[in-house]
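The values are calculated or read from the model by the stated rules, or taken from the named source; none is laboratory data. Just so you know, these numbers come straight off a predicted model, no measurement behind them. Positions of Cβ are generated from backbone atoms using ideal geometry, with glycine treated the same way; all protein chains shown enter the neighbour counts. Ligands, DNA and RNA are stripped out before the accessible areas are found, and what is left, the full protein with its side chains, is counted by its heavy atoms. Shrake-Rupley method; radii C 1.70, N 1.55, O 1.52, S 1.80 Å.
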Amino acid sequence: MIDKSKLACLPSINDLMKQDKIKELITIHGQDVITTSARELLSDKRQHFLAGDDTVISNNKQENTAVLLNELEKAVSIKTKPSLQKVINATGTVLHTNLGRSNLSPLVMEHLTTIAGGYSNLEYDVANGKRGSRYDHLIEVVRELTGAEDALVVNNNAAAVLLVLDTLTKEKEVVVSRGELVEIGGSFRIPSVIEASGCYLKEVGTTNKTHLYDYEDAINENTGALLKVHTSNFKVVGFTDSVPGYDVCDLAKKHDIPYIEDLGSGLLVDLSKYGFSYEPTVMDVLQNGADVVTFSGDKILGGPQAGIIVGKKEYIDRMKRNQLTRVLRVDKMVIASLEATISLYRDQKQALEHIPTLQMLTMTKEESDARATEYAKVLEGLGLGLTITKKEAFSQVGGGSYPGEEIPSVILSLTSDKLSTSQLEEKLRQVDVPVVARIKDNELILDVRTISEADFNYVVTAFKEILS
Ligand SMILES: *Cc1c(COP(=O)(O)O)cnc(C)c1O
């Protein structure tokens, strides 16, 4: 039998609300959240007690108050924490779609903060005191850097492909090689997008080989466009053949139909100088004659999520008049951060230095070795019983870019004398700023390529929290 008189040892809501600690919490979280949470907590205690658990209340009112205040602080901190939160990417996959793809440059963030927090000339022509267009802000710098006649920016590259097809090829056939009917992470499938845009997919060639005559044979009076899709997240090896974009383009010109290229990742610098295999840049594709090119803002470009469409003015003008453009339109934060990111490419050295995605991708093995050495020293110095070894491994580009390309790195491999490797991996995800790491050969892998110096401080905090 529980002794109901013990309930009197619980403080009343009024007693509780008079505590200094509560006043402190109210200045942080506001009166409403604290009052509601305090009521919930007290009622919880009573219910548990009445259900037979008399350990939830002690005979000392002061002690009960202290316990309640402590629990309240924790409950409120969990309740008010945003669902979308910072995490540390220790996986070495630079463009990790699940972890938010590209990180914006601090230089970009500065401009973004100014624009996001106030009024701007988003759709206002300041010089003439008239209405302006939100798309004008980006066009100049995109034209300057890519040589395109015109540009348009929408929500993401999937939206870009949809808009291009909906505008140029509705109710017509779009010719695509069977080797390029790709699915990109997050259920973007080229055949489905073609269907959704109200045109008909005309598949040509085979999975491993497509020839120019395959395209030529497919062209008829109902052909709306020839489309080439970058096979950005897989590689077909062995007995393969595909037709270079410029040949498909020449064929399209001969028949007076548009040639569209979905590039996936939009390169504005040639990364073959940094150990990557050659991939055409946006400039290359336009120079080869493509009428319309689409690419993502948050893949290798290193900006915010966006879909960028560049190409012939007559086609882009038609897209601007499409109602879908209104549906897929980008907000001022995207325009601000995309313009600022692309502007950094005016100087390649500046882009490589200040755009985190490019920084991480072009970090040499020697640089990762130096970083791994430095981080290992700090972690060992914590005296938490970690055994740390440096190992050679490969980081990944990710984000459906550069399939099969591996970046040579030096990484850290850890074991703990207190926790198993799977416990370590799990607990690292449960701290205030979660650290997402991998396990290989029963050791915890920290790939330092994706852990900036600033982020490493959080890694240190996490290890201290789970091991001391
Ligand atoms: C990634 C990718 C897409 C989708 O781009 P999002 O910006 O993620 O919508 C479309 N096509 C190709 C070839 C891609 O690589």
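Scanning the stretch 383-431 for residues that are of a type outside the set (S, T, N, Q), over 25 Å from Leu271 (Cα atoms) and in a strand (DSSP E or B) turns up Leu386, Ile388, Lys390, Lys391, Leu412, Leu414. Selection over the stretch 1-14 of residues that are loosely packed, with under 12 Cβ neighbours inside 10 Å and of a type outside the set (S, T, N, Q) gives a count of 4. The helices (runs of 4 or more DSSP H) located wholly in the stretch 122-241 that include 1 or more residues which are β-branched (Val, Ile, Thr), touching a residue at least 12 places away in the same chain (Cβ under 8 Å) and away from the ligand (no atom under 16 Å from the Cβ) occupy 136-146, 157-168. Out of Phe239, Phe188, one residue alone is open to solvent by 70 Å² or more (accessible area, probe 1.4 Å) and hydrophobic (A, V, I, L, M, F, W, C). It is Phe239. For the stretch 193-215, a residue qualifies if it is of a type in the set (A, V, I, L, M, F, W, C) and either within 20 Å of Cys249 (Cβ to Cβ) or open to solvent by less than 40 Å² (accessible area, probe 1.4 Å) (or both), and the qualifying residues are Val193, Ile194, Cys199, Leu201, Val204, Leu212. Residues that are closer than 30 Å to Lys365 by Cβ and more than 16 Å from the ligand (Cβ to nearest atom) are absent from the stretch 246-265. Output the residues belonging to the stretch 61-90 that are out of contact with any Ser or Thr (no Cβ under 7 Å at 6 or more places or on another chain), assigned to a loop (DSSP other than H, G, I, E, B) and either among the small types (Gly, Ala, Ser) or surrounded by 11 or more Cβ atoms within 10 Å (Cβ to Cβ) (or both). Once the filter is applied, which keeps residues that are out of contact with any Ser or Thr (no Cβ under 7 Å at 6 or more places or on another chain), assigned to a loop (DSSP other than H, G, I, E, B) and either among the small types (Gly, Ala, Ser) or surrounded by 11 or more Cβ atoms within 10 Å (Cβ to Cβ) (or both), the stretch 61-90 yields Ser83, Lys86, Val87. Among the residues of the stretch 356-369, the one identified as outside any helix (DSSP H, G or I) and crowded, with 19+ Cβ neighbours inside 10 Å is Met363. Looking only at the stretch 267-284, decide whether some residue is touching a helix residue (DSSP H, G or I) at 6+ places or on another chain (Cβ under 6 Å), open to solvent by less than 10 Å² (accessible area, probe 1.4 Å), within 18 Å of Gly147 (Cβ to Cβ) and not β-branched (Val, Ile, Thr). No: the stretch 267-284 contains no residue that is touching a helix residue (DSSP H, G or I) at 6+ places or on another chain (Cβ under 6 Å), open to solvent by less than 10 Å² (accessible area, probe 1.4 Å), within 18 Å of Gly147 (Cβ to Cβ) and not β-branched (Val, Ile, Thr). Of the listed requirements (1) within 13 Å of the ligand (Cβ to nearest atom); (2) in contact with a helix residue (DSSP H, G or I) (Cβ under 8 Å, 6 or more places away or on another chain); (3) outside any strand (DSSP E or B), Asp298 misses just one: (2).
Just one of (1) part of a loop (DSSP other than H, G, I, E, B); (2) at negative phi; (3) open to solvent by less than 80 Å² (accessible area, probe 1.4 Å) fails for Ala372. It is (1).
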